[in-house]
2 protein chains.
Amino acid sequence: MSSTHTHSKKSQSLTKNQRIVLDLLQNSGEPLKAYFILDSLKKEGLNSPLQVYRALDKLVELGKIHKIESINSFIICNNSNCAKNTAFTICERCGKVKEIKNRDLTGGVSDLVKDNQLEITRYNLEFYVLCKSCKIN
Amino acid sequence: MSSTHTHSKKSQSLTKNQRIVLDLLQNSGEPLKAYFILDSLKKEGLNSPLQVYRALDKLVELGKIHKIESINSFIICNNSNCAKNTAFTICERCGKVKEIKNRDLTGGVSDLVKDNQLEITRYNLEFYVLCKSCKIN
DNA sequence: TCACATATGTAATAATATAACACTTAGAGG
DNA sequence: CCTCTAAGTGTTATATTATTACATATGTGA
């Protein structure tokens with residue numbers, strides 16, 4: 001255990017701003033909006049939108065969170081190794097969001113895009129649904 | 001041809017604002033942003049964002065155009081009967097957008113969402129790709 | 001120690017979208 | 001023809017979401 005020190009803790013070390021934004025999303029488990037995150041973290045020292053957006057950008061890049069485009073919100077990633085791929089169901093009635101498991105998607109996605117001259121680099125899939133409980137009531 | 005007059009031409013008649021916005025998107029064939037549409041149609045008498053957004057909302061509702069959420073843009077629908085479902089490929093390099101044909105999706109989509117207690121009401125699928133020509137160059 | 005990439009803090013501003021309100025128009029139905 | 005109503009219009013103001021620009025700080029690797 002002597003010569004592996006070269007690639008350091010880069011991968012596990014988030015900066016302070018990245019860490020507190022990630023923690024908030026982690027604890028919430030729900031999609032949150034950037035300015036809500038800002039408000040929530042005022043007491044932790046976040047003062048400007050840019051501090052939030054920068055942290056969010058980085059966390060998205062690392063695949064730790066996802067952006068749900070159609071509601072301008074960010075949510076913790078529940079899969080491992082999504083990279084930047086996202087797939088969610090969003091209940092049209094109650095707004096509840098659930099991430100679709102990676103393993104449920106593998107294969108199926110590329111089948112959807114029949115043109116094999118294209119190379120899919122990532123995807124963003126948003127399924128609007130009636131969730132179980134909204135369907136009943 | 002006497003007693004069918006009750007449900008009139010409602011379905012084909014767009015208002016002036018809806019018409020000029022639709023025409024612009026039709027002629028362009030590319031995704032356009034709301035404020036670009038506004039600028040382009042100043043000479044036709046559009047003065048405020050709201051006039052554009054109202055027309056866009058209606059056209060989306062009618063299924064004549066789609067919103068591409070991740071780029072805040074609107075594009076003419078190339079399918080018939082998409083309803084509000086959207087599926088696009090977007091080239092990460094050149095930005096070119098193509099709508100995926102309905103018939104390529106049928107069936108496949110619901111397979112992706114394994115939880116059959118959910119009822120999919122509509123979907124928004126955005127596949128980021130390298131398009132043919134960007135892949136070569 | 002120096003250099004470099006990355007992150008920070010802050011102010012200003014851009015880009016996207018909606019609220020509120022008064023008024024108009026088109027079509028349904030008597 | 002008249003009136004009611006739903007839908008659309010025009011306008012001003014404002015809310016929400018996101019980025020530019022710039023000066024400073026910090027960590028890591030040579």
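The values are calculated or read from the model by the stated rules, or taken from the named source; none is laboratory data. Small disclaimer: the values here were computed from a predicted structure and weren't measured. Here the Cβ is made from the backbone with ideal geometry for all residues, glycine too, and neighbour counts use every protein chain on show. Accessible surface areas use protein heavy atoms only, side chains included; no ligands, DNA or RNA. Shrake-Rupley method; radii C 1.70, N 1.55, O 1.52, S 1.80 Å.
Structure values in brief
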read-out	value
Matching residues, the range A:14-41, being open to solvent by 100 Å² or more (accessible area, probe 1.4 Å) and more than 13 Å from DNA strand D (Cβ to nearest atom)	A:Q26, A:N27, A:E30
Residue in the range A:42-53 that is nearest to the other protein chains (Cβ to nearest Cβ), counting only those that are open to solvent by 10 Å² or more (accessible area, probe 1.4 Å) and in a helix (DSSP H, G or I)	A:Y53
Test: residue in the range B:87-98 that is in a helix (DSSP H, G or I) and open to solvent by less than 10 Å² (accessible area, probe 1.4 Å)	no
Selection from the range A:54-86 of residues that are open to solvent by 10 Å² or more (accessible area, probe 1.4 Å), hydrophobic (A, V, I, L, M, F, W, C), within 14 Å of chain B (Cβ to nearest Cβ) and at negative phi	A:V60, A:I71, A:F74
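Every residue, every condition in (1) at the interface with chain A (Cβ under 7 Å from one of its Cβ atoms); (2) under 25 Å from A:K98 (Cα atoms); (3) in a strand (DSSP E or B), yes or no:
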{"residue": "B:D104", "(1), (2), (3)": "yes, no, no"}
{"residue": "B:K114", "(1), (2), (3)": "yes, yes, no"}
{"residue": "B:Q117", "(1), (2), (3)": "yes, yes, no"}
{"residue": "B:I120", "(1), (2), (3)": "yes, yes, yes"}
{"residue": "B:F127", "(1), (2), (3)": "yes, yes, yes"}
{"residue": "B:K135", "(1), (2), (3)": "yes, no, no"}
